[in-house]
Every structure is written in C-alpha cells, then in structure tokens.
1. Can you list the residues of segment B:269-311 with backbone N under 12 Å from a point 7 Å past the Cα of B:Asp317, pointing along Cα to Cβ?
2. At a 1.4 Å probe, which residues in segment B:243-263 are at least 30 Å² less accessible with all protein chains present than in their chain isolated?
3. Jot down the per residue volume, in cubic angstrom and as a whole number, of the convex hull over the alpha-carbon atoms of segment B:1-120.
4. What do the square roots of 5 times the Cα gyration tensor eigenvalues come to for segment B:168-284, in whole Å, largest first, as semi-axes of the equivalent ellipsoid?
5. Mean shadow of segment B:298-372, computed from the convex hull of its alpha carbons, in nm²?
6. Cα centroids of segment B:45-91 and segment B:162-178: how far apart, whole angstrom?
7. Leaving ligands, DNA and RNA out of it, report the carbon-plus-sulfur percent of the accessible area of segment A:15-58 at a 1.4 Å probe.
8. To the nearest 10 square angstrom, what accessible area does B:Asp345 show with a 1.4 Å probe?
Amino acid sequence: MDKLTVITGVGVPLKRTNVDTDQIIPAEFLKRVTKTGFEDALFQRWRQDPEFVLNQPAFAQGTVLIAGLDFGTGSSREHAVWALRDYGFQAVIAPRFADIFRGNSGKQGLLTAVVPESVVEAIWAELDAAPGTEVTVNLVDRTVTCGSVISPFDIDDYTRWRLMEGLDDIGLTLRHEAAITEFETHRESWRPTTLPAR
Amino acid sequence: MNDSAPRTLAQKVWDAHRVVTGTNGEPDLIYIDLHLVHEVTSPQAFDGLRQAGRPVRRPDLTIATEDHNTPTLNITAQIADPVSRTQIETLRANAAEFGIRLHSLGDIEQGIVHVVGPQLGLTQPGITVVCGDSHTSTHGAFGAMAFGIGTSEVEHVLATQTLPLKPFKTMAINVEGTLRPGVSAKDIILAVIAKIGTGGGQGYVLEFRGSAIRALSMDGRMTICNMSIEAGARAGMVAPDDTTFAYLKGRAHAPHGAEWDAAVEYWRTLHTDEGAQFDAEVFIDADALEPFVTWGTNPGQGVSLSDNVPNPADITDPNERAAAERALEYMGLTAGQPMKSIPVDVVFMGSCTNSRIEDLRTFASIIKGKKLADGVQLLVVPGSARVRIEAEAEGIDTIVEEFGGEWRFAGCSMCLGMNPDQLTPGQRSASTSNRNFEGRQGKGGRTHLVSPQVAAATAIRGTLSSPWDLENGAN
Ligand code: SF4
C-alpha cells in the first residue's frame, strides 16, 4: 500500500444517504476472479442515468467522494472498496460509515473521513457552486478543506497510523518477518510439506 | 501462564504455533502448517499478491485442487459454464505462476480439498490447517487445529504463512456409550447440532471426546469434525490415538522411519490434560442415538427417523417457531407427518462429509443385490479420484450400477451444485452432504441430510428410511 499523507483531488458530491454496498457494486460482479478492474462496476445501476454525478464531465475524474449519512451499509463484500479504489477514489468523506465497510477500506488503503453533516452540506454547496473544485484531505493534521470550508475529521489512531505508514494487514504482519523466519527454523523436520509432489 | 498448568488439546496446538504473543488486546500471530487452496476462494488472493508484488512465502506448505466446479460426468470435455471454466483456468494459471502444486481434473489426487489432504497424509496431528472453505474443520479429526478463512486471509497466509488470531474458546462434546448397528458418526453430529443449535458453537473449538468417539474410524471422525461448522464452531477436534496413527502410516506425506517415531512420540502428547478446563461442556448418550434426518432448512432442524415432522406450534421460542414454519413451507411438509412417509426424488451419496472409501463401502454393502426404488435418481460421487479408483478395485462401481445408480467422477457435485449436478425446483433429496439451506443443491431443491446408511435404505425404499426398516423387513 502507498503511504497516504495528503490527498488532493476533484470532489464528487454524492447526495444520498444509506448508500449500501449493493448500490456501490451490484452482486453480479462478485463472480469475477480478479481483485482489480472493478471501475466499470462502481455505482453501475446509477451510472445508467446520464444525470448521475459521475457522468458529468466536471466530476468524472474525481478522487474524493463526499456522501451522506451511513455510507457502505449492507453486505460485507470487499468488492465495494475495490470498485471505489479502481475507479480512482482515494478518500470518502461522510458523516457516518458502516463498520465493515470502514474496516475493509482501511485494509485496502481507502481513507474514510468522518465529518459532521453540516460540513458535508457545506462541501456539497461549494462543489455545486464550482464543479471541479478540489478537496484536500490531510491525514497529518486531520483536516478536510474545500474552498472556504475547513473542518477537522475523525479517524481512529490505529487506521491513521497504518495509512500513513502504508501498511496493510500483510504489511503489518511482515514487520514480524524475523520472528516468522526464526519460528520456521525450529519447525520439526517431520512436519508435512507438499513438495516434492510425491 | 504457568507452563505446567493442565491444558486442552486446542491450547497445546495453539501454543505450539504462536509466533508472536499479542499484547494490549492485539491478536497472537499463529503459524500455519498447511494451506489448502481451491478454485473458488483463491483468485482474488493471488491477484492481491500480484498487485503488491509479493511471492507465496511457502509454496511447500501449500497445495491446490479443483473440486467445486468440476463436472462429474465427462471430465475430458471443456467445462460448459464459462464462470466455472474461468475459475478453474485461473487457478491453473495462478498455481503455475506462484509455484504451487495443483491436482487438476484427471490427476489421481484431484478431488474435494478436504478428502485430498488426509488421503495424502498431509493432514497430521498437532498441525494448523487453513483453507478458504468453511468445512476445513474436517481435518480436526486428526487432532489438528483446522478452520476456514476468508479470501483476504487466504492472501495473508499465502504472503506470510501466518494469521493474526485471538484464541478460541473450548467446548467438550462428550459422547459416551456404543452406537447401535445402523447408527453412525453422521447421526452423532446431527444430534449434536440439533442439541446445541446452529449457533451453539460460535467462537468455540469443539473437542469430541468419549468412548463412542474413540471407537470411530478416521473416516467417521472426519464426518463429525466436518460438520462442527454447522454448529457455528470455528473448528472441531479429536485427540489423536492409535486409530489416527494407523491411518497415517505409510501415506505419501506421512513421516517415515526415525521421523515417524519422533512424530508419534510427540503426537501422543496431544490430548487434553487431566484437570484442564473447558469453557463449556455437552453430553451425548451414544446408546440412545437413532438414525437421524433433518426436516428443515438448517442442519439443526433434525429429528430421529422414527419421529414425525415437528409441529411449529409446539416450539416456544418465537423466532425458532417462525423459522420452523418457513422451513416446513419451503420443504413442502406438514406437521405431524411421519418422517418415514416422505418420498424422495434423488439420493446424493457424496460430499466432504461422506464420500471417503469407508462411506462408499457402507453404502454399497446395504444396496448390494437390491434395486433402486422406481422414480428415484441415485448419484454416487466419490470424494477424490483416488477414492473412485479404490472403490472400483473393490467392485463398488458395479454394485452401484447394477442397483440402478449413477457412478460419477470426483468433486463437490450436488453438495452445492456449482457444477451441473443440481436439484430442479421442488425436487426432494436424501443427501449425505452437510447443508440443507434453501436452494443449496439447486434452486427450489429440498434437502434432507442423512448418513450413508440412511441414504442407502432410502434409495431402496424410495421414502426416507432407516437401515433398521430393511432388517425388520418393514418394507
Ligand atoms: S463437498 Fe460441499 S461442503 Fe465440501 S467443500 Fe465441496 S461444496 Fe464445500
């Protein structure tokens, strides 16, 4: 995972609450065998509508999503995070997230920033007034900035530290690599191995 | 913890695999001895490794097989369903790229992942086993700590050969007494699940103990541990003993010579110490058990075959009552109807619960020389290509075919119908598999979980039947 400190990119207002993971990525895409290439599946149903925010040229290249209350509810599918990430989103700002979605995001390096509802509305207003405006999410000093709006955001210390260090779960475990290697040197020779084949 | 304090079997295996001890509520880091891989839950894990530029840390502790999507009729033709075909082709490409040994269709060690590990002698006492599959609990029959994991964890194990885990709680399931003829390991575990419920084992490792468990063969113990997950448990375990060692001796990946002796010496220490405390305990009287069958849509909704379909009105818990009502509706059953009056359309003899050689032998011994009931389809699906060949050497294929059944190639088959072996809407099966969820064996299909003995008797009579009905001549 890349280290995250400051993310700056076009803000995309998603003026909906209770965006569940089925809306983020419909079930039919779960049959795929890859972990990448889900950009086409993101908000697939909504994207049929030419008016949908991502279909508007000013927002199509967005990297920071600003959504309403309770983003990422429903099924635990990690694919929802993959789809957002593959589309190019690096951060989602919302007043509240579903727990599992937030956990999955942390694992995949997608920053989820919690701000008060009033801040979401203020950012939406900025983006309405000037579509294409950039939003900055600063993990170092925990602030979001968009035009004249500046607000602190919430993120737990552990996730913030992991994102700033660029550590996923595997990366964290690999900090113990010396201990793993040491453990392996004591592994009894009669314990099973799968190779050679016979 | 005091090192000399009495410990359970599960604690001993855990302690022997702790690479890092978690502090401040962090999980322990546990070493994984054996990682089993199949086509359904591995593709994203390999993709994740590729994305991060990571290798598989220990290809020599990893093994893959094709099972969920494989056809059981014509294994040389191209797989018709493109999704199934892609999953299998992806596994082949990933195994080649990451240097993992794969047993493909046509290979003698191809088959259901939980049948293949033990038959190769890879599943051994005191090891840790994981697989992206909930029925990994099967391997606990050898006194291993074996549990299913999700795809992110599959990637984690591929990359690090470890998992961050919090210790599980332990539950003793004491099964004392002697099973009557016709009653089997499957009936023990169905009775356990009916007793503690499908959530009763949540967060626990179940240790199956007692004289009835000691008397079981390895195949029987595997049946029991396989279905621990249906009680919600993380894993099931049986302490290894001479039965375990006799099963392993001489298998391809079992230790040999002096290594065998060293291993057995260690394996003999793998039992729960006198005075060790379990977090919970359950008692089952083996003498009282009868052949069991499920009537509903979860494995906890079961009764003895001699019973009637329960009346939801008699169930006090409102949620369970509602669930029973829904289940009867789906299953097309009426409260009070004798279980034995229920006709079936299909008998499925297979799955990682009951597709090993001993299961096939038991089944064949009952149907031998008899005729399949009119209008019933019988699928016999060995758990692995090796089991199929062994069975054929004993003439089991001929017995099945002369009976009127279909002798198929190895795989998961109708256990979950990811391949073409499926029930059609409304069809009813007696199945030796492990899940009777709505639509599990095909959309609208109705499943009754049974032992191989009950499956055989049912195939003969055409209605759900116990082997006792045959001996009594109550036809
Ligand atoms: S036989 Fe059934 S339960 Fe076993 S691994 Fe295959 S699909 Fe899963």
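The values are calculated or read from the model by the stated rules, or taken from the named source; none is laboratory data. These numbers come from a predicted model, not from an experiment. Here the Cβ is made from the backbone with ideal geometry for all residues, glycine too, and neighbour counts use every protein chain on show. All accessible areas refer to the heavy atoms of the entire protein, side chains included, with ligands and DNA or RNA removed. Shrake-Rupley method; radii C 1.70, N 1.55, O 1.52, S 1.80 Å.
1. Counting backbone N atoms under 12 Å from the label point, the list is B:300-301.
2. B:His253, B:Glu259
3. Numbers: hull volume 18.4 nm³, N = 120.
Looking at segment B:1-120, the number lands at 153 Å³ per residue.
4. Output for segment B:168-284: semi-axes of 26, 17, 13 Å.
5. Across all orientations, segment B:298-372 yields a mean hull projection of 6.5 nm².
6. 31 Å
7. Working: 1090 of 2350 Å².
Whole-percent figure for carbon plus sulfur exposure: 46.
8. 60 Å²
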